[in-house]
Amino acid sequence: MIERQYWLGFNLVSGVGPVLVRRMLERFGALSEAWHAGPDTLRTVGLDARALANLIEVRRQVDLDAELARLDKLGIAVLTWEDEDYPSLLAELREIDQAPPVLYLRGSLADSDEWAITVVGTRSVSAYGRQVTYQLAHELAANGLTIVSGLARGVDAEAHQAALKAGKRTIAVLPCGLDTIYPPEHRGLAAQIVQQGALMTPFPLGTAPKGTNFAPRNRMMSGLGRGVLVTEAGIKSGALVTAGYTLEQGREVFAVPGNITAKSSSGTNGLIQDGAHPVLDVKDVLDVLKLEGIEQFEEARASLPPLGGDEAAVLGSLSAEPLHIDELTRQCGLPISRVTSVLTLLELKGMVRQVGRMTYTRI
């Protein structure tokens, strides 16, 4: 059972992030145990004096059950690392500490969000930038990709609107709590996104959109996609920071070339010089990510017959956490030759993915 209130509690403590949450889970087995642990014990997992003081203050001031009830009343769901619904692309990044332990969600997630791309760029978008952003995001959405962006002015808004006009899914990641829409003029757009996707954030209610929140927001945005597409950006754009996180996460970076005399394209042109995939057409993205015909694939997967007993056993032993085939074989109690055969079938059905040498995750 997920003791969600304790995940919420630690998410309210300044100075406690993915690294410390992972250490506490390893040390205590559950965050409820860590929540009630004494200062000396907590120091052994790395909580410093500031984090300990913040934790004591949150324990004293916050009623965790009431906080959970408040979120429920506002229609905000809470996802943790331990939830099956936690986005699988983001879950893959836990080992490099780039997956937020807690996500706040308004709207809904879908299985098809496994096929997502992040679209980012400048807030001061030119007519050219608007045109290419809308065109590419619309066509990517029409090809079955969920469009992820940050609800910001400029490129972000164009990308979200393009997905909505295509009648497809889009996810907006906010740099603040979900009780605040930033920027405020995008309240209408945010409401549309909730109906056709989701608003998400790693930040608790009451968090203002301050400058230090944008880097974690951008890291989360890149983590939700199979790659990032930068359509227009200057040399100092935050979109380039997002592209940098994408490279750290081992995913693809795409950039739209622009006028070499335009400052608003200096960032995208520089990305291409540094090795990003140049994008002149939506096919340039689909080919690199091998995502041609996603919708047909999903329809075919939906029509597959029910899983057999061994398939269900292997799939049931997998999660978003990478698992080596040796451990998988031990958990299933099946011969390794049978597990290997079943994994091949499940890969063909789009239910598992190999993420390393003999290492697999569930989709």
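Read-outs throughout are calculated quantities, based only on the coordinates presented, and are distinct from any laboratory measurement. These figures come from a predicted structure and were not determined experimentally. Note that we place each Cβ from the backbone using ideal geometry, even for glycine, and neighbour counts take in every protein chain shown.
A few comments on the model shown:
- The stretch between E95 and V194, if pulled fully straight at 0.36 nm per residue, gains 32.6 nm over its current Cα-Cα span.
- Rounded to the nearest 20 debye, the dipole size of the chain about its Cα centre is 880 debye, using +1 on the Cβ of Lys and Arg and -1 on the Cβ of Asp and Glu.
- Extreme residue, positive dipole direction of region 29-70, given options A53, A37, A66 (C-beta unit charges): A53
- With contacts taken as Cα pairs under 8 Å and at least 6 residues apart, the chain reaches a relative contact order of 13 percent.
- Ordering V58, V16 by the number of other Cβ atoms within 10 Å of each residue's own Cβ, fewest first, gives V58, V16.
- Positive-end residue, region 111-292 charge dipole about Cα centroid, Cβ charges, pick of A243, V253, L199: L199
- Computed [θ] at 222 nm, deg cm²/dmol, the chain (DSSP H ≥ 4; -39,500 (n - 2.57); rounded to nearest 500): -13500 deg cm²/dmol
- Spatial separation of Cα centroids for region 35-68 and region 73-142, in angstrom: 30 Å
- About the Cα centre, charge dipole magnitude for region 67-166 (Lys/Arg +1, Asp/Glu -1 at Cβ), debye: 780 debye
- Choice from P278, P184, P87 with maximal GNM fluctuation in the chain (Cα, 10 Å cutoff): P184
- Unsatisfied cross-links (Cα-Cα over 30 Å) in the set K168/K283; K283/K349; K73/K236; K210/K290: K73/K236; K210/K290
- One chain, two ends: V62 and I2. Fully extended at 0.36 nm per residue, the span grows by 19.7 nm beyond their Cα-Cα distance.
- Approximating the spin labels as points 7 Å out from Cα along Cα→Cβ, the R70-to-T44 distance works out to 3.4 nm.
- Modelled FRET efficiency - R0 45 Å, A312 with Y128, Cβ distances, 0.05 increments: 0.30
- Footprinting exposure proxy for H138, H277, H160 (fewest neighbouring C-beta atoms within 10 Å first): H277, H138, H160
- Debye, to nearest 20: dipole size of region 111-292, +1 on Lys, Arg Cβ, -1 on Asp, Glu Cβ: 480 debye
- Among L136, L240, L52: highest mean-square fluctuation, GNM of the chain, C-alpha pairs under 10 Å: L52
- Taking 0.36 nm per residue of separation and subtracting the current Cα-Cα distance, fully stretching the chain between R338 and K165 would add 57.7 nm.
- For region 111-292, the calculated P(r) over all alpha carbon pairs, in 10 Å bins from 0 to the bin holding the longest distance, is 11, 43, 37, 9, 0 percent.
- Taking the empirical scaling 2.2 N^0.38 Å for compact globular proteins as reference, the chain has a Cα radius of gyration ratio of 1.03.
- Net charge of the neighbourhood of G250, taken over other residues with C-beta under 12 Å away and scored Lys/Arg +1, Asp/Glu -1, is -2.
- Residue among V21, G211, A313 farthest towards the positive dipole end of the chain, charges placed on Cβ: G211
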